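Q: Structure below; questions to follow.
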Amino acid sequence: MGYQHRFLTPEGALISVAEALGEPLPVGKVVCVGRNYAEHARELNNAVPAEPMLFMKPATALVPLEEPFAIPRQQGACHIETEMALLIGRPLTQADESQVLAAIAGVGIGFDLTLRDVQDRLKAQGHPWEKAKAFDGSCPLSAFVSPQGWDWADVPLQLVRNGRLQQDGNSRDMITPVATLLAFISQTFTLQPGDVVLTGTPAGVGPLQVGDRLDARLADRLEVQTLVI
């Protein structure tokens, strides 16, 4: 059985999205935005883009973040990028900012795993990044919590690796904020129920090692611990 969207109750129990929302949501595509935090762009010596840089991961990239996950071992460095993930609950096509927030069905944490050496080689050749970004298992994704009550302009996001703080960001530092980003994506890609949007990563990305213990936190609403195998 493949990945299924899950929901986290206030008591901490994992249930299906259908149980939480009253309707099943298929597992769809993952739409990601690159360089949405200026400090992250600078740490990789990349220019800050004039508009959101979009790329996608297929449904086969998804694995449960709460379970130990594997990384490729023979393709160079595999970097972790911790991101706020938004589960889409209703279609968005050429939507404006006043419409998009109501389409968010859940909020979670996603890891955008990146084969950095592969990506650098592809970029140097002028080739697309899919082999570095969209491989099987490249998007460990947590269960989702309710979207109610969030201040989208103030969502702290942290990653602690082996007991040491590695990433510490806040949505206030996004170049393109949540509502603007969802509206922008919908101008090109229709977002369907079950799709997920990864909203960008703060500075502090770096290579994973087998045996790393990871603790990812989103505000005071969600915390997930996992292991790299």
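The values are calculated or read from the model by the stated rules, or taken from the named source; none is laboratory data. Keep in mind that what you see is a predicted model, and the values were worked out from it rather than measured. Neighbour counts are summed over all protein chains in view; Cβ atoms, including those assigned to glycine, are modelled from backbone coordinates with ideal geometry. Accessible surface is based on the protein model in full, side chains and every heavy atom, while ligands, DNA and RNA are left aside. Shrake-Rupley method; radii C 1.70, N 1.55, O 1.52, S 1.80 Å.
Q: Would it be correct to say that P26 is in a loop (DSSP other than H, G, I, E, B) and in contact with a helix residue (DSSP H, G or I) (Cβ under 8 Å, 6 or more places away or on another chain)?
A: no
Q: Name the strands (runs of 3 or more DSSP E) wholly within region 148-229 that hold at least 3 residues that are without any contact (Cβ under 8 Å) to a residue 60 or more places away in the chain?
A: On the way: elements: 156-161, 164-170, 196-198, 213-218, 222-227.
Fully inside region 148-229 and qualifying: 164-170.
Q: Going by the conditions given, is L14 closer than 27 Å to G149 by Cβ and modelled with pLDDT under 95?
A: No.
Q: Give the residues of region 180-197 that are of a type in the set (G, A, S) and closer than 11 Å to L86 by Cα, sorted by residue number.
A: Selection gives G194 alone.
Q: Ok, one more. For region 48-91, what are the residues that are open to solvent by 70 Å² or more (accessible area, probe 1.4 Å), over 15 Å from V27 (Cβ atoms) and among the polar types (S, T, N, Q)?
A: Once the filter is applied, which keeps residues that are open to solvent by 70 Å² or more (accessible area, probe 1.4 Å), over 15 Å from V27 (Cβ atoms) and among the polar types (S, T, N, Q), region 48-91 yields Q74, Q75.
Q: Restricting to region 67-107, and then to whatever is part of a loop (DSSP other than H, G, I, E, B) and hydrophobic (A, V, I, L, M, F, W, C), can you tell me which residue is nearest to F7 (Cα to Cα)?
A: A70
Q: Let me ask another. When you go through V178, V205, V196, V145 one by one, which is the residue that is open to solvent by less than 30 Å² (accessible area, probe 1.4 Å) and in contact with a Cys (Cβ under 9 Å, 6 or more places away or on another chain)?
A: Checking each option against the conditions leaves just V196.
Q: Within region 124-146, is there a residue that is touching a residue at least 60 places away in the same chain (Cβ under 8 Å), under 18 Å from P207 (Cα atoms), of a type in the set (F, W, Y) and not in a helix (DSSP H, G or I)?
A: Yes, some residue in region 124-146 is touching a residue at least 60 places away in the same chain (Cβ under 8 Å), under 18 Å from P207 (Cα atoms), of a type in the set (F, W, Y) and not in a helix (DSSP H, G or I).
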